[in-house]
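To start, the structure under review is shown below, and the notes come after it.
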Amino acid sequence: MTLAAETPTTAFASNLRARRTKNNIATVVMTGCFLVALVPLIWLLWTVISRGWRVMVHADWFSQDQRLTQDWRTPGGGALHAIIGTLEQVLVCSLISVPVGVLAAVYLVEYGTGKLRSAVTFMVDILTGVPSIVAALFIYLIFIIEFGAGFAGIYVSLALVLLMIPVIVRTTEEMLKLVPNELREASYALGVPKWKTIAKIVLPTAFSGILTGIVLGVARVAGETAPALILVQYSASRNSNLLHGNQASLPLFIYSQFPNYANVGSKENAFTHVKEVTNNYAAGRMWAAALTLILLIALLNLVARLISRRSKVSN
Amino acid sequence: MPDRDSPLRDAQRSAGANGHVPVQTPPIIDPNPEVTMPDEPVDELSVELRAGGVAETAPGHLVGSAQPLGVDVSGPGPVSTAPAPSGSTPKRPGDRIFSALASGSGLFIVVLVVLVGAFLLWKAIPAIGDDKTNFLTSRIWSVGDRANSFGIAGLLWTTVLISVFAMVVAVPIAVGIALFVTHYAPARLAKPVAAVIDLLAAIPSIIYGIWGIAILAPHLTGVQNGLSSGLGWIPLFKHHNNAVGTVFDGGVVLAIMILPIITSISREVFQRTPRQNIEAALALGSTRWEMIQLAVLPYGRPGVVSGAMLGLGRALGETIAITIIVSTAGNGAPFDASLFGKGNTFASQIATGGDALFAHPGPFIAAGLVLFVLTFLVNAAARAVVNRKTVS
C-alpha cells in the first residue's frame, strides 16, 4: 500500500526533474541562438574594420579617385569618385521617392477610399517584394534598350526609386496613423481646410517619424549593387555628371576591386630588374570601400535614431 | 476610416443644429463658380465641415475676430440648407490640388507596378517564342548572335534550392532569437539585443558577398566535406570537389541575410501574445518552456510562417551576394541536386549578362519575369497567412 501511495509522488518528482531539465535546455538553446547570430555580425564587422581601416584613414582616401591606381599592384588612390557617385545617385533617388512616397502615404491615410486605395496598398506590397535586379531590369529595358540611352548614373537612381518608394510609403503611413485624430478634429473645428490641416498639423506632427523612414530608406538603397551592376559602368575617375557617362559608386567600387583581391604576384623592378613580390592593394581598397559604405550607413542609421528620439508620436 | 470620421461628424452635426450658419449666410454669396460643380469623390469630412459653417478664412483671422465663427463665414449657400451626406460638394482650390497630388502619387505607384509587369511580359513573350529549346525544361543558356537557346530549369532549381536552404537554416535560429528577446532576455537587455540583430539587416549585401567568399567559405569547406561523407548517399548532400563557391556557401550567407527579417516579424507576434494566455499557462504550473509551447508558439505560428515567407522572397531575389559567392556551373551541365554543386540563380544570371544582356535582352527579361512572378507568389502567400490570422 505504501508503494502505491508513493508512486505518484516519485513519478511527479522525476517528471518535474525532466521538465526542469527540458526548460533549462530550452533556455540554453534560445540564448545560444542569439549568440550564434552574433558570430557572423562580429566576424564580418571585424574583418571589414581590421582589413580596411588602414587604407581608409589615409588622407588620400577622401580626396583622390582611382584614376592612377587601377592596377592591383599599385598602392594609393582614394574613394572620392565612388563617394560622389553614391551621394548623387542616392540624392536624386530621394528627391523623386520622398515626395511620391509621402504623398502616397497621405493619400492612403487621409484621402483614400474604395478601389484605388486597395489598389495602392496592394501595389506597394508588390513593390516591397520586387527584387532589386528586376527593378534594374525594368529601367534597363525602358531607357537603355527602348530609348537607346547610354549608361549613366541617373538610371541607377531611377531603379533605386522603385526600391525606396515602398519603404517610405510604409513608414510614413505608420506614422500618419499614429497622429491622434483629436489634432485633426481640433484643426477642422477651427475652420482650417483639410489640405492645410494635413500640411500644417498632421505632417509636422509625424515629421520626425517620416524623416526616420526616409533616412532608413536612404540607408537601404545606398548599399544596393544590382542596379549599378547593369545600368552604369564603373569609372575609375571622378564623374560628377549623373546624366552622362560611367560613374562609380561605393558598391560598384567594391565590386571592381573584387576580381583582384586574391591576386598574388611579382613585378620586375624597373631599375634593378629583379623580380619582387608585390603586395595586393586591391584587397585593401575593397575592404576600405566596404568599411566606408558601412560607416555611411551606420551614420544614417544613427541620424535616424536621433531623429526618432525626438519624435512627437510613437507607438 | 470610419472610426475617425464618426465622432467628428457627430460633432459637426450638432454644431449645425446649433444654427450658426444658416441664419447669417445669404443663400447665394459664393463667387466661386466651382462651387456648383459636382465633385467626383465626395469627401465626407469637408462636406460636414461646410455644413458646420466653417469656410476658407484663415485660422489666424478667425482667432483674431471677436465675433462668433458664423459671422466670418462666406460659406456657400447650398450646403447650409442641410448637412447633406453627398451631392455637390464645394472644395477649396487648395484642397483640390492637394488631394489630386496625393491620389496622383498613389496612382503613380499603381501605374508603375503595372508597367513593370506589363513591360516584362510584353518583352518576354516574343523572346520565349523565339527560343530554340524548351523554355521551362532546358538547362542550357546560350544567348548570342548565333545561338538562341535558353531554358530556366537550371536557374529555377538553383534559385529555389539556395533560398529554401537559407530559409530552413534561418527560421529555427530566428525563432530562437525572437523567443530569447521576448521571453528570456532581461527587459533591460531586450531592446539592445533586438537592435544588434537589426544591425545584420543594415549591412549591404555586397559586403556579405565579399565576406562570404573571402572569409566564411574557406571555413565551410570542412562542414561540407563532413556532411557529404556522412550523408553523401542523399542526392542533396552528394559529394563534389568544390572547395568554395558552392550553393551551400551561398545559402549560409543568405541565411544570415534573411535572419533579421524573420526575427523581427516573429518577435513582433511573440510580443503580442495575450497576457492572459501566458499567465494562465504559468498559473497551471508550466515552466517557461512549457508556457512558450502552450501560449506563445501557437499564437505566433502564422506570424512566423509569414516572416519565413518574406525571408524566402528576399532570398529568391538576392543578386549580388549570390553572384559573388556561387560559382557558375558549366553551360547546360547535367542536373545536380547537390547543395555542394555550383549554379546560377535568376538574379545572378541577369546580373552577369553583360554584353549579351545588351544585344539580346529577351531571354534575360524572360528570366526576370519568372523571378518577378516567383517573388510575387511567395510574398502574396506570406500576406495571405497574415490576413487569415487577423480575420480569425
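The values are calculated or read from the model by the stated rules, or taken from the named source; none is laboratory data. If you're wondering where the values come from, they're calculated on a predicted model, not measured in any experiment. In this analysis, Cβ positions are derived from the backbone assuming ideal geometry, glycine residues included, and neighbour counts consider all displayed protein chains. Side chains included, ligands, DNA and RNA excluded: accessible areas come from the protein's heavy atoms. Shrake-Rupley method; radii C 1.70, N 1.55, O 1.52, S 1.80 Å.
The calculated FRET efficiency for the pair residue B:115 and residue B:191, based on their C-beta separation and a Förster distance of 25 Å, comes to about 0.05. Here segment B:130-391 is described by how far its Cα atoms reach on the three principal axes: 74, 42, 34 Å, from widest to narrowest.
Panel note: contact residues of segment A:232-261 (accessible area lowered by at least 20 Å² against the chain on its own; 1.4 Å probe) correspond to A:254, A:255, A:258, A:261.
As an exercise, use a Förster radius of 25 Å and the Cβ-Cβ distance of residue B:352 and residue B:146 to find the FRET efficiency, rounded to the nearest 0.05.
The formula returns an efficiency of 0.80 here.
Computed with every protein chain present, the accessible area of residue A:50 is close to 40 Å² [probe 1.4 Å]. For n ≥ 4 DSSP H runs only, could you compute -39500 (n - 2.57) per run for chain A, divide by its residues and tell me the 222 nm figure to the nearest 500? Mean residue ellipticity at 222 nm (helix-derived): -22000 deg cm²/dmol. Between residue A:122 and residue B:168, the modelled label-to-label distance comes to 3.5 nm, taking each label 7 Å out from Cα in the direction of the beta carbon.
Comparing the full protein assembly with the isolated chain, the residues of segment B:191-219 losing at least 50 square angstrom of accessible surface (1.4 Å probe) are B:203, B:204, B:206, B:207, B:210, B:211, B:215.
Taking 23 Å as the limit for the C-alpha separation, the pairs A:115/A:196; B:238/B:342; A:196/B:91 exceed it in the case of A:115/A:196. Of the accessible area of segment B:305-360, computed with a 1.4 Å probe over protein heavy atoms only, carbon and sulfur atoms account for 58 percent. Taking the dipole about the Cα centre of segment B:130-391, with the C-beta of Lys and Arg at +1 and of Asp and Glu at -1, give me whichever of B:319, B:334, B:199 is farthest to the positive side. Positive-end residue among those listed: B:199.
Given their separation in residues at 0.36 nm each and the Cα-Cα distance between them, residue A:59 and residue A:177 gain 37.8 nm when the chain is fully extended.
The chymotrypsin sites (Phe, Trp or Tyr not before Pro) of segment A:100-168 that DSSP puts in a loop, and whose beta carbon has at most 10 other beta carbons within 10 Å, are A:147. Less than 20 Å from a label point 7 Å out along the Cα-to-Cβ axis of residue A:31: which backbone N atoms in segment B:156-186 qualify, by residue? Taking a point 7 Å out along Cα→Cβ of residue A:31, the residues of segment B:156-186 whose backbone N falls under 20 Å are B:173-186.
Counting only protein chain heavy atoms and rolling a 1.4 Å probe, the accessible areas of B:239, B:219 rank, largest first, as B:219, B:239. Based on the alpha-carbon gyration tensor of segment B:328-379 and its eigenvalue square roots a ≥ b ≥ c, which shape applies: rounded if a/c is under 1.5, prolate if not and a/b is larger than b/c, or oblate? Verdict is oblate for segment B:328-379. With all protein chains in place and ligands, DNA and RNA left out, the 1.4 Å accessible area ranks B:91, A:22 as A:22, B:91, largest first.
Summed over both chains, the contact between B and A buries some 7700 Å² of accessible surface at a probe radius of 1.4 Å.
Residues of segment B:340-365 with the amide nitrogen closer than 20 Å to a label point 7 Å from the Cα of residue B:136, along Cα-to-Cβ, please. Only B:346, B:363-365 fall inside the zone, counting backbone N under 20 Å.
Per residue, the accessible area of segment B:130-391 comes to 40 Å² when a 1.4 Å probe rolls over the protein heavy atoms.
With a Förster radius of 25 Å applied to the C-beta separation of residue B:236 and residue A:39, the computed FRET efficiency comes to 0.50. In this Cβ point-charge picture (+1 for Lys and Arg, -1 for Asp and Glu), chain A has a dipole of about 780 debye about its Cα centre. Result for chain A in a Gaussian network model with C-alpha springs under 10 Å: among A:284, A:32, A:101, the largest mean-square fluctuation is at A:32. Of A:247, A:37, A:144, which is farthest along the charge dipole of chain A in the positive direction, counting Lys and Arg as +1 and Asp and Glu as -1 at C-beta? Farthest along the dipole direction, towards plus: A:37. When all protein chains stay in place and ligands, DNA and RNA are ignored, the 1.4 Å accessible-area order of B:291, B:167, largest first, is B:167, B:291. In terms of packing, defined here as the mean over residues of other Cβ atoms within 10 angstrom, the peptides A:180-189, B:341-350 line up highest first as B:341-350, A:180-189.
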